[in-house]
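A short write-up of the structure that comes next.
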Amino acid sequence: MVKVGMEIKIVIGRKIRMKKLVLMLLFCGVGILWSQETTVYIGLKKEIPIEKSATNVGVVSEDEIRDSNVKSVGEVLRNKTGITDVSKRGSIGAESNMRIRGGGDSSKQVLIMMDGRPLNDTSLGLVDLSQISTENIEKIEVLRGPASALYGANALGGVVNLVTRKSATAIPKTEVGARIENYNTRIYDFTFSAMPGKANVFITGNRSFSDGFMENSDYELTNVTSKIGYDFNKYGEFFLSNGFLDSELGVPGTNNVPLSEYNNSLERVASTPFAEQSENAYYTQLGHKISVKDLPFESNLYWDYKKKRYEDTDSFTDTTSRPQNIGFNSQVGVHNAIVGIDFRNEGFKRSDNKEETINKNRSNSAVFVQRTFEMQKLSLTPGVRYDYNSSYKGTTNPRILAVYNLSKILKLSSNIGTAFRSPTFEDLYSPLISWPETMWGNAGDTKGNTDLKPEKSVGADIGTELRLSDVFTSKITFFYNDIKDLIEWQNISNLSTLDTWRPVNVGKAFSRGIEFEIENEITKDLKHNFNYNYLESMGRENGTYKTLQYTPRHRINYYASYFAPLKIKTRLRVEYTHKQEWVNFVKYELPGYTLVNFGIRRAVLQSELFFSIDNIFDKRYVSRRNYPLPGRTFYGGINLYLWD
């Protein structure tokens, strides 16, 4: 009787377990655990497993970067959760900026860093993602929502940190790649890595050439980076990073041909056929990590310099800007707390037609602290940062983050905090430029405003995450962000015959929306992910709230990769962007579009061949008014993997 009872229990138990297994497989898409643990630093300024982070944090892994087979960071990020868009104004080399959780001119409200070093241009507040190569990037961490409590200025919409690569093997390794694309585009790159003893060496180089899609959009780039580290044992680990970039780009300007009249000729005509832009950039960064009596210390000392020149002989324009920054930051972990300091000196020079028009410096000093309280299923992290800037005095920004584990597979998270964006040097000190009255308009002038205050925001989000091991992850996050003192260039003249344009703190805006994502590894060889972003982004100056320009209400992205037989790797990416409508005296509309991209790769001995088609169905579209984009494009090439 006991034996029969035991058999019944075993059978029933097996049935129950089988039922749970079947339900789980159906829910997960028949998923099996294959992926390795991923950690993330950006959310708390310390490494934690991704499953313990809030739902507003995302990571793009090294494998995903390599599988995407794209060459710029902007192309990697454009389809990620919470990204409003990564703008495109042309083919390779054309300026590309990124927005998170916001429409309008919100690219300046996203702080982008590389190994903790801010990259935002202090003259305009932007980062051109087309100039940042993926060759030396190990992973990309994204924090969506206000984050000035940890990172200071320009973190209203969110923060992106590019973590650079270092050697992962003691065997010296060299990789050489070559690819060709439409419009006579050629890209050559190499990487070298080694770990001799306690040292770590990683070097990259890139040369790119293109005739470009439009007239006068030719492009040439040289980019070299290095990261050299050494472990001194009790004295800690040091890393020295250096980089050099030199680029030349034709600037075709706008093209007003309606989308319906594109014929692969009219839309390629340049409005500024003689405009050119060149850029030289350098950076060096020294990083140090050490543990003293179980207290982790981190420090960074950096310097960067850029010379950017725009010249157009037709309009007698020759403008050169030279931003230069020196910074130092350091932090220490004390039990569950982090205390840190951040110093930065920013300099900016500008000359117009060889005459210096701006020569200014400003400094920023900051201190921050945060503490994590662990209470069984609840993790609570309050933090605050105080910044003092020589241009606009002091600002304090608090934040509180909560993560509550309902079970081993289900959690809730919430984040609320404040943030700010600094006025740029151009906002503050743009030189007086005037023009006479013409048949097309009034006489007028434009000039910076030294009385500007920082833009400020209060934002919050709440989300839930279901994670079945590393096989299946589903997240949904609701967010709201309210911004005041928006900096807008306005005509402040009281005269009907004179235009006087100045930047002023008059604007208000808010953004609210939903972010939904699913990641699923069905088998070791097949995985896919899906995300949906809903966004309302509205602003006002004096009257009622209106939808901000370039605010897609809906965005959907789908990605699938399959490791097919014969060692063939395939990937499919589908991107849908809803139509965009806004009113600025007149109504503007950008039609919605769907793009489908497909790529294939195959390893052959110590090499890899690849071929891709972007925009398979040759959809004609724009992401910015009057900036035509290419239709269907092809690219292919080879990567050679060499070991000593």
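Applying the set (1) in contact with a strand residue (DSSP E or B) (Cβ under 7 Å, 6 or more places away or on another chain); (2) open to solvent by 70 Å² or more (accessible area, probe 1.4 Å); (3) among the β-branched types (Val, Ile, Thr) to residue 544 leaves exactly one unmet item: (1).
Quick check, is residue 597 of a type outside the set (Gly, Ala, Ser), assigned to a strand (DSSP E or B) and more than 26 Å from residue 104 (Cα to Cα)?
Here the answer is yes, as residue 597 does meet what is asked.
Among all positions in segment 95-110, there is at least one residue which is closer than 21 Å to residue 221 by Cβ and surrounded by fewer than 23 Cβ atoms within 10 Å (Cβ to Cβ). A search for C-beta distances below 9 Å between a residue of segment 485-499 that is over 26 Å from residue 455 (Cβ atoms) and free of Cβ contacts under 8 Å to residues at least 24 places away in the same chain and any residue that is open to solvent by 80 Å² or more (accessible area, probe 1.4 Å) and among the polar types (S, T, N, Q), counting only pairs 6+ apart in sequence or on different chains, returns nothing.
For (1) within 24 Å of the chain's Cα centre (by Cα); (2) open to solvent by less than 60 Å² (accessible area, probe 1.4 Å); (3) at pLDDT 95 or above, each residue gets a yes or a no:
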{"residue": "325", "(1), (2), (3)": "yes, yes, yes"}
{"residue": "330", "(1), (2), (3)": "yes, yes, yes"}
{"residue": "335", "(1), (2), (3)": "no, no, no"}
{"residue": "345", "(1), (2), (3)": "yes, no, yes"}
{"residue": "350", "(1), (2), (3)": "no, yes, yes"}
{"residue": "372", "(1), (2), (3)": "no, yes, yes"}
{"residue": "387", "(1), (2), (3)": "yes, yes, yes"}
{"residue": "393", "(1), (2), (3)": "no, no, no"}
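All of 293, 360 fail the test of being touching a helix residue (DSSP H, G or I) at 6+ places or on another chain (Cβ under 9 Å) and either open to solvent by 50 Å² or more (accessible area, probe 1.4 Å) or on the phi > 0 side of the Ramachandran plot (or both), apart from 360. I'd like the full set of residues that are part of a strand (DSSP E or B), within 25 Å of residue 630 (Cα to Cα), open to solvent by 60 Å² or more (accessible area, probe 1.4 Å) and out of contact with any Leu (no Cβ under 9 Å at 6 or more places or on another chain), limited to segment 218-268. Correct list: empty.
Between 587, 527, 508, the distinction of being surrounded by fewer than 17 Cβ atoms within 10 Å (Cβ to Cβ), basic (Lys, Arg) and in contact (Cβ under 8 Å) with a residue 12 or more places away in the chain belongs to 508 only. The set of residues in segment 562-594 that are assigned to a strand (DSSP E or B) and in contact with a Pro (Cβ under 6 Å, 6 or more places away or on another chain) comprises 577, 580.
The residues of segment 600-628 that are assigned to a loop (DSSP other than H, G, I, E, B) and either among the aliphatic types (A, V, I, L, M) or farther than 30 Å from residue 66 by Cβ (or both), listed by number, are 605, 616, 620, 622, 625, 626, 628. If the condition is being in contact with a helix residue (DSSP H, G or I) (Cβ under 8 Å, 6 or more places away or on another chain) and of a type in the set (Val, Ile, Thr), then segment 484-512 contributes only 487. Out of everything in segment 391-409 that is among the hydroxyl-bearing types (Ser, Thr, Tyr) and not in a strand (DSSP E or B), what residue ends up being nearest to residue 346 (Cα to Cα)? Going through the qualifying residues, I end up with 391.
The values are calculated or read from the model by the stated rules, or taken from the named source; none is laboratory data. The structure presented is a predicted model; accordingly, all values stated were derived computationally and were not measured. A quick note on method: Cβ atoms are made from the backbone with ideal geometry, for glycine too, and the neighbour counts reach across all protein chains shown. When the accessible area is computed, the model is the full protein with side chains, heavy atoms only, and any ligands, DNA or RNA have been set aside. Shrake-Rupley method; radii C 1.70, N 1.55, O 1.52, S 1.80 Å.
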